[in-house]
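Report on one structure; see the data block that follows.
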Amino acid sequence: MGIAEKFVKATQTRPLSEVQGSYTYFAEGDVLLAKITPCFENGKLGIAQNLKNGIGFGSSEYIVFRPDKSLNKEWLYYYLSRETFRLEGAARMSGAVGHKRVSKEFIENCRIPLPPLAEQQRIVGLLDEAFAGIATAKANAEKNLQNARAIFESYLQSVFMQRGKAWIDIKLEDLCDIKHGFAFDGNHFSNDVSEGNPLVITPGNFTEDGRLLFNDRNTKRFSGQIPAGFKFDIGDLVVVMTDLSSKMKILGKPAFVETDNVLHNQRIGRVVFSNDRVEKRLLYYFMMTEIFLKSIKLSATGTMVKHTAPKRILSNVISFPENLKEQQAITNKLDALRAKTQLLLGIYKRKLAALEALKKSLLNEAFTGKL
């Protein structure tokens, strides 16, 4: 008889509702699970420990589970950690949009596998050891990811800080202008419009690494009437002037339009060059520097939603060599270093994804008797 068959034979199942504790308080060793959106979907849960006086006050925003002698608390914790549990629970949530909660019926109908306590402890030990190794590997990959970014950003900063001979300082307003986009009617934006309709750039399409990203979640197309002069050309340099996040991770970030049939939407600035004194890509890289982005953030307006404006962007001063061949040499070097950095970032991101997939696989195997 295989491991899985032995596990199934020795395992009973039990409704989660049978180990549900009080809503008014929780005690040492209780397992707490967030029941509201988006905390539930994000897997917010934990084991109560080191409590003052051994108890804590309950809340209607989480569910308290109180394991008994037949149920190991870590076994319960790992069961609730599974992605399949979160997906099934999220699909059965009820309530108003933005205030949905895990339904009572879902908890009542959800049954946890309950092998003998010794088997629970054995599997928990294996998961603890495996997850500790995964956590270490993820921490190393995250560190390498940050280091790769930091190396490129440090070099980029140094390019514009360590001035060479025959470099000049000039305000951006003397090199270019920034044009506002058109306030297209949002009622004509849709993810379901045919691919023949034009794309609409929104702040949500900008990435922190200075690119435009169009995926299934953030791609919008326009089905209404288009006024003349509000379509981008391939190769246009654009800048985002509104950030929905108070942390301003994308405010002021530039990008290049790399596809045809794209509309110039409001809150997106189009960089229009007044002369050919500066290479387009050199200006792009300047707008990716911390010194430029810090200036944009300091002058931003708004509370939760942050804004900048053409005048604030154009008031920044750029240092660069007047010789165009020297500018091209700088951008070529930055392009090459960036390409190597992106290659490394891709490797580390794939490694992180693989580690996360391994963690999900181990949790699935733990509760199907394969460990």
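Observations
- Positive dipole terminus of the range 225-371, leading residue within ASN364, THR303, PHE273 (C-beta point charges): ASN364
- Amide hydrogen proximity for PHE320: with H placed 1.01 Å from N in the peptide plane, the residues at 5 or more positions away or on another chain lying under 5 Å are ILE168.
- Modelled label positions at ALA137 and ASP233, each set 7 Å beyond Cα in the direction of Cβ, lie 5.0 nm from each other.
- Pair GLN266, LEU126: separation of 7 Å Cα→Cβ label points (nm): 5.8
- Neighbour net charge for LEU156 - beta-carbon separation under 9 angstrom, K R +1, D E -1: -1
- Derived scalar couplings between HN and Hα for the range 360-371 equal 4, 5, 5, 5, 5, 5, 4, 9, 10, x, 9, 10 Hz in order, rounded to whole Hz, by the Karplus curve 6.51 cos²θ - 1.76 cosθ + 1.60 (θ = phi - 60°), x for Gly and Pro.
- Contour excess over end-to-end distance, with Cα ends at HIS307 and LEU51 and 0.36 nm allotted per residue: 87.8 nm
- Counting only DSSP H runs of at least 4 residues, each contributing -39500 (n - 2.57), and dividing by the residue count of the chain, the helix-based mean residue ellipticity at 222 nm comes to -12500 deg cm²/dmol.
- Residue pairs exceeding 31 angstrom between C-alpha atoms, taken from LYS100/LYS220; LYS6/LYS35; LYS6/LYS351; LYS52/LYS359: LYS6/LYS35; LYS6/LYS351; LYS52/LYS359.
- Of the trypsin sites (Lys or Arg not before Pro) found in the range 161-198, those in coil by DSSP whose Cβ has at most 14 other Cβ atoms within 10 Å are ARG163, LYS165.
- Against the empirical 2.2 N^0.38 Å (N residues), the range 167-322 has a Cα radius of gyration ratio of 1.03.
- Label-reachable residues, the range 223-255, where backbone N falls under 20 Å from a point 7 Å from ASN187's Cα toward its Cβ: 223-227
- Within the shell defined by Cβ-Cβ distances under 11 Å, the residues around GLY235 carry a net charge of -2, with Lys and Arg each +1 and Asp and Glu each -1.
- Those lysines that a straight Cα-Cα span of less than 29 Å connects to LYS171, excepting residues fewer than 8 apart in one chain: LYS179, LYS231, LYS247, LYS249, LYS253, LYS280, LYS294, LYS297, LYS306, LYS311, LYS325, LYS333
- For the chain, averaging the sequence separation of C-alpha pairs within contact (under 8 Å, six or more residues apart) and dividing by the residue count gives a relative contact order of 19 percent.
- Exposure proxy for ILE55, ILE201, ILE36: other Cβ atoms within 10 Å of each Cβ, ordered fewest to most, give ILE55, ILE36, ILE201.
- Compared with the alpha-carbon gap, the fully stretched path from LEU244 to SER315 is longer by 23.2 nm at 0.36 nm per residue.
- Segments 145-154, 245-254 sorted - mean Cβ within 10 Å per residue, highest first: 245-254, 145-154
- Cβ-based net charge around ALA4, under 13 Å, with every Lys or Arg adding one and every Asp or Glu removing one: 0
- Segment ASN323-GLN20, length gained on full extension (0.36 nm per residue, minus Cα span): 101.8 nm
- The orientation-averaged shadow of the Cα convex hull for the chain, equal to a quarter of the hull surface, comes to 24.4 nm².
- Exposure proxy order (Cβ contacts within 10 Å, fewest to most) of GLU74, GLU108: GLU108, GLU74
Each value in this text was obtained by applying a stated rule to the coordinates, not by laboratory testing. If you're wondering where the values come from, they're calculated on a predicted model, not measured in any experiment. Virtual Cβ from ideal backbone geometry, glycine too; neighbours counted across all protein chains shown.
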